[in-house]
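Student: There's a structure below that I have some questions on.
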Amino acid sequence: GFLRKCVDSVKKQVYPNWELILVDDCSGNPRLSSLLQAFVNEDRRIRKIALDSNTGIAGATNAGIALCSGEYVALLDHDDELSPDALFQVVQALGQDPSIDVLYSDEDKIDQQGAHKEGFFKPDWSPDLLLSMNYVCHFLVCRRSLLQEVDGLRLGFDGSQDYDLILRLSERTSKIHRIAKVLYHWRIHEHSTAANTAQKPAASDAGRRALEQHLLR
């Protein structure tokens, strides 16, 4: 149900020139495979890839990035949702300043009943704050050539792979822009870190290692 709502939120974008890459990380779930194929059949802008082995969130994301054809790549978790104007706001910002390499937005959380709560209104680009927390988080959009330059997401940082990524991106560019609008809705459910970061204690250790390596570099 969450996956359907996620895909629907992309299909409802007011900006129409997008492609959605769905990655089945060797789930072995025939029902999921059928659902992904149904999405592909419903909209020519949706593509899917099924991996032969489970590679984790970093490996699966990299496989998806490799299929992307657009100039920019936006990251979306399978159980979250985008606001209808999310991609429009990104394109509008790039139209005003085509030199931007990385964009992020404000975000909130959405519970299992669809209620929105806990709006997170972020500062503009703040390298100092980034050393204390991954305040960038969602909605992260990056120039594809820059993602390729840093070799995408790194294995071994699952749970904090996005923190490791923004730290490495920040070493290559200062053209990072905040869109001051809530464009991303982070799903709260019993197994998500949106509900409780203690759900995934290994993520905290991965975040510490990502920061440590960033400071060493």
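Student: Does V182 satisfy being open to solvent by less than 60 Å² (accessible area, probe 1.4 Å), among the β-branched types (V, I, T) and not in a strand (DSSP E or B)?
Tutor: Criteria not met by V182.
Student: Note down all Cβ pairs under 8 Å where the first residue falls in the stretch 71-96 and is without any contact (Cβ under 8 Å) to a residue 24 or more places away in the chain, the second is surrounded by 20 or more Cβ atoms within 10 Å (Cβ to Cβ), and they're at least six residues apart or on different chains.
Tutor: Filtered contacts from the stretch 71-96: L94/Y72; L94/L103.
Student: Same structure again: If you go through the stretch 188-210 one residue at a time, do you hit one that is under 20 Å from Y72 (Cβ atoms), at pLDDT 95 or above and not hydrophobic (A, V, I, L, M, F, W, C)?
Tutor: no
Student: Within the set of pairs 6+ apart or on separate chains, which have a first residue in the stretch 121-134 that is more than 23 Å from H185 (Cβ to Cβ), a second that is among the small types (G, A, S) and not in a loop (DSSP other than H, G, I, E, B), and C-beta atoms under 7 Å apart?
Tutor: P127/S170
Student: What is the one condition in (1) touching a Lys or Arg at 6+ places or on another chain (Cβ under 7 Å); (2) surrounded by 12 or more Cβ atoms within 10 Å (Cβ to Cβ); (3) not aliphatic (A, V, I, L, M) that R143 does not satisfy?
Tutor: (1)
Student: Checking the structure you have, find out if any residue of the stretch 125-136 is touching a strand residue (DSSP E or B) at 6+ places or on another chain (Cβ under 6 Å) and surrounded by 16 or more Cβ atoms within 10 Å (Cβ to Cβ).
Tutor: yes
Student: Which residue, of L3, L32, is touching a residue at least 40 places away in the same chain (Cβ under 8 Å) and part of a helix (DSSP H, G or I)?
Tutor: On the way: L32 fails: touching a residue at least 40 places away in the same chain (Cβ under 8 Å).
That would be L3, the only listed residue that is touching a residue at least 40 places away in the same chain (Cβ under 8 Å) and part of a helix (DSSP H, G or I).
Student: Something else: Can you tell me which residues in the stretch 40-56 are under 16 Å from D77 (Cα atoms), in contact with a strand residue (DSSP E or B) (Cβ under 8 Å, 6 or more places away or on another chain) and open to solvent by less than 60 Å² (accessible area, probe 1.4 Å)?
Tutor: Answer for the stretch 40-56, where residues must be under 16 Å from D77 (Cα atoms), in contact with a strand residue (DSSP E or B) (Cβ under 8 Å, 6 or more places away or on another chain) and open to solvent by less than 60 Å² (accessible area, probe 1.4 Å): I46, I49.
Student: Within the stretch 21-33, which residues are over 17 Å from I57 (Cβ atoms) and surrounded by 14 or more Cβ atoms within 10 Å (Cβ to Cβ)?
Tutor: Hit for the stretch 21-33 is S33, nothing else.
The values are calculated or read from the model by the stated rules, or taken from the named source; none is laboratory data. Note that this is a predicted model, so its numbers are computed, not measured. Neighbour counts are summed over all protein chains in view; Cβ atoms, including those assigned to glycine, are modelled from backbone coordinates with ideal geometry. Please note that ligands, DNA and RNA were not included when accessible areas were found on the heavy atoms of the full protein model with its side chains. Shrake-Rupley method; radii C 1.70, N 1.55, O 1.52, S 1.80 Å.
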